[in-house]
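Novice: Submitted below is the structure of interest, expressed as structure tokens.
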Amino acid sequence: MVFIILCSYDIIHISTAFKCFISIYNVMFLQSNCIMTSKYNVITFLPVNLFEQFQEVANTYFLFLLILQLIPQISSLSWFTTIVPLVLVLSITAVKDATDDYFRHKSDNQVNNRQSQVLINGILQKEKWMNVRVGDIIKLENNQFVAVSH
């Protein structure tokens with residue numbers, strides 16, 4: 001959440017009590033304006049991606065068939081005939097998901113690193129959008145991009 005106070009050329013003063021409240025709120029809840037639309041990171045990619053893929057009925061069905069084909073008494077085919085298509089489908093989907101998420105990370109970094117003008121100690125200073133906090137006074141110009149996380 002970001003409070004945006006628009007002003008033309010006047011500096012707007014906020015009461016000291018309100019500034020104190022906002023500072024305490026920021027410290028207690030660590031509110032951030034960092035945009036994060038990606039689903040994975042390097043550590044969570046494999047488990048989360050496999051979990052999501054096995055939410056698909058077809059993938060779960062082929063995994064069940066693979067388990068059954070590992071039992072020689074009930075299987076007429078080799079386990080190889082089921083594992084190859086399953087691994088192929090899972091791999092192609094994982095590569096597609098990884099590529100999509102990589103581009104999400106790039107887009108997030110681009111948005112988070114955009115510059116804004118923030119009033120700090122009575123002076124307008126350039127600040128990255130990800131560092132804008134609740135209660136910051138920012139100067140917006142006509143048709144300027146505004147990034148908010150919530």
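The values are calculated or read from the model by the stated rules, or taken from the named source; none is laboratory data. This one's a predicted model, so the numbers in the text were calculated from it and none came from an experiment. For neighbour counting, all protein chains shown are included, and Cβ atoms are generated from backbone atoms with ideal geometry for every residue, glycine included. Heavy atoms of the whole protein, side chains included, go into the accessibility calculation; ligands, DNA and RNA do not. Shrake-Rupley method; radii C 1.70, N 1.55, O 1.52, S 1.80 Å.
Novice: Give me the residue from the stretch 105-115 that is open to solvent by less than 70 Å² (accessible area, probe 1.4 Å), in a helix (DSSP H, G or I) and among the polar types (S, T, N, Q) and, out of that set, modelled with the lowest pLDDT.
Specialist: ASN112
Novice: Could you please find all residues in the stretch 61-81 being over 15 Å from PHE51 (Cα atoms), of a type in the set (Phe, Trp, Tyr) and in contact (Cβ under 8 Å) with a residue 12 or more places away in the chain?
Specialist: TRP79
Novice: For VAL111, only one of the following conditions fails: (1) farther than 22 Å from THR44 by Cβ; (2) touching a residue at least 24 places away in the same chain (Cβ under 8 Å); (3) of a type outside the set (Phe, Trp, Tyr). What is its number?
Specialist: That leaves (1) as the condition not met.
Novice: Consider only pairs whose beta carbons are under 6 Å apart and that are at least six residues apart or on different chains; among these, list those whose first residue lies in the stretch 43-55 and is part of a loop (DSSP other than H, G, I, E, B) and whose second residue is exposed (fewer than 14 other Cβ atoms within 10 Å of the Cβ).
Specialist: Here the result reads PHE54/THR60, each pair linking the stretch 43-55 to a residue that is exposed (fewer than 14 other Cβ atoms within 10 Å of the Cβ).
Novice: For TYR102, all conditions in the list (1) surrounded by 15 or more Cβ atoms within 10 Å (Cβ to Cβ); (2) closer than 30 Å to LEU66 by Cβ; (3) aromatic (Phe, Trp, Tyr) hold save one; what is the number of the exception?
Specialist: The number of the failed condition is (1).
Novice: In a helix (DSSP H, G or I), open to solvent by less than 100 Å² (accessible area, probe 1.4 Å), touching a residue at least 12 places away in the same chain (Cβ under 8 Å) and among the aliphatic types (A, V, I, L, M): which single residue out of VAL84, VAL89, VAL118, VAL134 fits that description? Can you show your working first?
Specialist: Details: VAL84 fails: touching a residue at least 12 places away in the same chain (Cβ under 8 Å); VAL118 fails: in a helix (DSSP H, G or I); VAL134 fails: in a helix (DSSP H, G or I).
That would be VAL89, the only listed residue that is in a helix (DSSP H, G or I), open to solvent by less than 100 Å² (accessible area, probe 1.4 Å), touching a residue at least 12 places away in the same chain (Cβ under 8 Å) and among the aliphatic types (A, V, I, L, M).
Novice: From the list SER76, SER38, pick out the single residue that is hydroxyl-bearing (Ser, Thr, Tyr), modelled with pLDDT under 95, open to solvent by 50 Å² or more (accessible area, probe 1.4 Å) and not in a helix (DSSP H, G or I). If you could, list the steps in order and put the result at the bottom.
Specialist: Values: SER38 fails: open to solvent by 50 Å² or more (accessible area, probe 1.4 Å).
On inspection, the qualifying residue turns out to be SER76.
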